[in-house]
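Read through the structure below, which is laid out as structure tokens, and then see the notes.
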Amino acid sequence: MAWDETLTEQEARRAREQLEQLLERQARMGTADVVTYHPPEAISQRDLFALAGTHVDGTQWTVGDCDHRFPLQSISKVFTYALALEDNGREATLSRVGVEPSGDPFNSLAFDEVNRRPHNPMVNAGALVAADIVGGADVEERVGRLLERMRLYTGNPDLEVDQELLDAQLADADRNLGISYYMRSLGMLVGEVAEILAVYLSACSVMVTTAELSVAAATLAHGGINPRTEERAMPRTYVRDVIGVMFTCGMYDAAGQWANDVGIPAKSGVSGGIMASIPNQVGLGVFSPGLDVHGNSVRGVNVCRELSDRFGLHIFADPGETQLGRLGGRVWPEPEPEPEPGALDPREEDEERAPDDDGAVPAVVDAPA
Ligand code: GLN
């Protein structure tokens, strides 16, 4: 159990209980928006639900089915983009794939016509370009390099591509083939379509656990160094590019809503995973296979929204709302009520905050003592 280094036993237990309650609560609700499972057979796994967090100091907590393995799918786009940047540099990469939110579904046949490049690397078209420019003599070498990097991000040296899933995705690739051939006709893709698709779909087919996903997210939050193994997974200089594009484009055509409501750089995949990185703080992994209309995990989104609200994790939240960084020695608070329309922050009216049932004074840094 994480946070033991910074929390008293009672607080650590209480923190864990709150996470378990959060997961249980979300398990009971939040399915109304589920419109699909990917693939449809994944409906048999609809009750799987996992939440993991890894702090940049390496401590980790896990709740639910954190050892269940699932494919990265679109979350792999983060690692493919990072390697494309590493191999080609910022300028050359940006000349091939932009960083503008597209507002379109992940698999849409839409491009930045003016600049003749896909909108961003977090949608399929952009990820196919990233796969095109990852270095390596052939498919095997390029996939091998991607896999090697993913092993560094997650700290699992045994991470593998699921060959059966890859074969199934290759056999059902009309949409991605269409996007690829169209892009190639416009000069946006240079390599052989079959090879690019094999690299892209191999990355999509890498199997991870939610706990590993949280470590990969923490690696990004930790400047590209895996906080548990202390190994570097990507150059520090591109961390901001990757996290930046996750923030603006990581949740497909729901990216703006996500940035507003949750406010944490994140990337989702159609297998139901979400990886979220709060720079210099924590990496989160969430998994639940039921998807909303955008292809984002319904429960995953809800868990992140509740975590963000409850613990002030929105990266633009006032520091007084942000509890996670100061979790040590403090209990986890109830979220602040929203002020009445026209009123100022309700905290300013609280002359004194009463101790809670454990005798600890809830942490509100800017409240009067
Ligand atoms: N392999 C899937 C595809 O390319 C991944 C998409 C996703 O996770 N959104 O269609």
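The values are calculated or read from the model by the stated rules, or taken from the named source; none is laboratory data. Here the structure is a predicted model, which means the values were calculated and not measured. As a convention, Cβ positions derive from the backbone with ideal geometry for all residues, glycine included, and neighbour counts pool all protein chains shown.
Of note:
- Helices (runs of 4 or more DSSP H) contained entirely in the stretch 215-324, each with at least 3 residues that are within 16 Å of the ligand (Cβ to nearest atom) and not polar (S, T, N, Q): 239-249, 298-311
- Hits in the stretch 137-158 (condition: free of Cβ contacts under 8 Å to residues at least 24 places away in the same chain and of a type outside the set (D, E, K, R)): ALA137, GLY144, PRO157
- Scanning the stretch 122-143 for residues that are out of contact with any Gly (no Cβ under 8 Å at 6 or more places or on another chain) and within 13 Å of the ligand (Cβ to nearest atom) yields a total of 7.
- Looking only at the stretch 149-196, and only at residues there that are out of contact with any strand residue (DSSP E or B) (no Cβ under 8 Å at 6 or more places or on another chain), among the β-branched types (Val, Ile, Thr) and in a helix (DSSP H, G or I), the one that is nearest to THR93 (Cα to Cα): ILE196
- Any hit, the stretch 42-51, residues being within 30 Å of PRO227 (Cα to Cα) and either in contact with a His (Cβ under 6 Å, 6 or more places away or on another chain) or free of Cβ contacts under 8 Å to residues at least 24 places away in the same chain (or both): yes
- Test result for LEU201, within 15 Å of the ligand (Cβ to nearest atom), within 22 Å of SER297 (Cα to Cα) and hydrophobic (A, V, I, L, M, F, W, C): yes
- Residue count for the stretch 160-188, restricted to those that are within 15 Å of the ligand (Cβ to nearest atom) and buried (at least 19 other Cβ atoms within 10 Å of the Cβ): 8.
- Qualifying residue in the stretch 46-68 (condition: among the charged types (D, E, K, R), surrounded by 15 or more Cβ atoms within 10 Å (Cβ to Cβ), under 22 Å from the mean Cα position of the chain (by Cα) and at pLDDT 90 or above): yes
- Hits in the stretch 102-117 - residues which are within 15 Å of the ligand (Cβ to nearest atom) and buried (at least 21 other Cβ atoms within 10 Å of the Cβ): SER102, PHE106
- Residue in the stretch 83-97 that is under 18 Å from the mean Cα position of the chain (by Cα) and either surrounded by fewer than 22 Cβ atoms within 10 Å (Cβ to Cβ) or modelled with pLDDT of 95 or more (or both) present: yes
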